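All remarks here apply to the structure that follows.
The values are calculated or read from the model by the stated rules, or taken from the named source; none is laboratory data. The shown structure was predicted, so the numbers you read here are calculated from the model rather than taken from an experiment. No Cβ is skipped: glycine too gets one built from the backbone with ideal geometry, and neighbour counts run over all protein chains shown.
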Amino acid sequence: MKVAVLVFPGSNCDHDALHVSQIVMGWEAHPVWHQDTELPAHTDLVIVPGGFSYGDYLRCGAIASLAPIMKAVHRHADEGGWVLGICNGFQILCEAGLLPGALLRNRGLRFLHQRVHLRVERNDLPYTASLRQGQILEMPIAHGEGNYTCDEETLASLHANRQIVFRYAHSSGDVNETSAANGSLEQIAGIINPSGNILGLMPHPERACEASLGMVDGLGIFQSLEHSRRYVS
């Protein structure tokens, strides 16, 4: 697996993504600066990491979505390449038009840094192939603008195309109006594009891949990608 990890001014999870890719998964991974115009040749996966790209000025992810490297990300996605946006990366993908909807200020207008539980809504994707539908995962969140929203037409499309991949849940597995601390619409934590190659989610799987960190459920997403790559190969 060859991975490109984007780096913007203000990124703070790019090293986490590189560590998981290189050390935990044993993949070939390269940092790619925001002013670059091309991805490394034969890139399989682009990770758009979390952080505060461009200081979150204007709107979270808005300036980053216009960075030179994003044209290459669009081309990669259009050709069916995998793109994984985590936290600020999810915000960037929405601002870039690669995923629908937007991320607003959290309910209560407070930054949230805590462990959350997610329910897997689909396990037939490259990102979830090693997971079970309905499985409950534990991962951390760290965001001030993770409140996913969209208009009614877009929400209907998300349902029709089965684009909701993860929902915030209680540890029991229940999903209801209290399971998303950030107020996210229908407790949405992660969505996919209709083609199934672009995933955005607010929780941080790269921070939940080693027992020394106290959480390992995030590893399932990266293992799913490895499984999917071998299957395709």
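Values as computed for the structure displayed
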quantity	calculated
Members of segment 173-198 found to be more than 23 Å from Arg105 (Cβ to Cβ) and touching a residue at least 24 places away in the same chain (Cβ under 8 Å), listed by number	Gly173, Ile192, Asn193, Pro194, Ser195, Gly196, Asn197, Ile198
Residues located in segment 56-108, provided they are among the polar types (S, T, N, Q) and in contact with a strand residue (DSSP E or B) (Cβ under 7 Å, 6 or more places away or on another chain)	Asn88, Gln91, Asn106
Unique match (being more than 17 Å from the chain's Cα centre (by Cα) and either closer than 23 Å to Ile164 by Cβ or not hydroxyl-bearing (Ser, Thr, Tyr) (or both)) among Asp44, Asp36	Asp36
Residue among Ser233, Ser212 that is modelled with pLDDT under 95 and closer than 18 Å to His15 by Cα	Ser212
Residue match in segment 61-74 (condition: at pLDDT 95 or above and among the basic types (Lys, Arg))	yes
Residues of segment 7-39 that turn out to be at pLDDT below 95 and among the small types (Gly, Ala, Ser), as a count	2
Qualifying strands (runs of 3 or more DSSP E) (wholly inside segment 147-203; at least 2 residues being in contact with a strand residue (DSSP E or B) (Cβ under 6 Å, 6 or more places away or on another chain) and of a type in the set (A, V, I, L, M))	164-169, 188-192, 198-201
Verdict on His15 being surrounded by fewer than 17 Cβ atoms within 10 Å (Cβ to Cβ), within 30 Å of Gly214 (Cα to Cα), without any contact (Cβ under 8 Å) to a residue 12 or more places away in the chain and under 18 Å from the mean Cα position of the chain (by Cα)	yes
Close pairs (6 angstrom Cβ cut-off, 6 or more residues apart or separate chains): part of a helix (DSSP H, G or I) in segment 220-233, among the β-branched types (Val, Ile, Thr) and modelled with pLDDT of 95 or more anywhere	Ser224/Thr128
Tally of residues being buried (at least 21 other Cβ atoms within 10 Å of the Cβ) and either touching a helix residue (DSSP H, G or I) at 6+ places or on another chain (Cβ under 9 Å) or without any contact (Cβ under 8 Å) to a residue 40 or more places away in the chain (or both) across segment 78-97	13
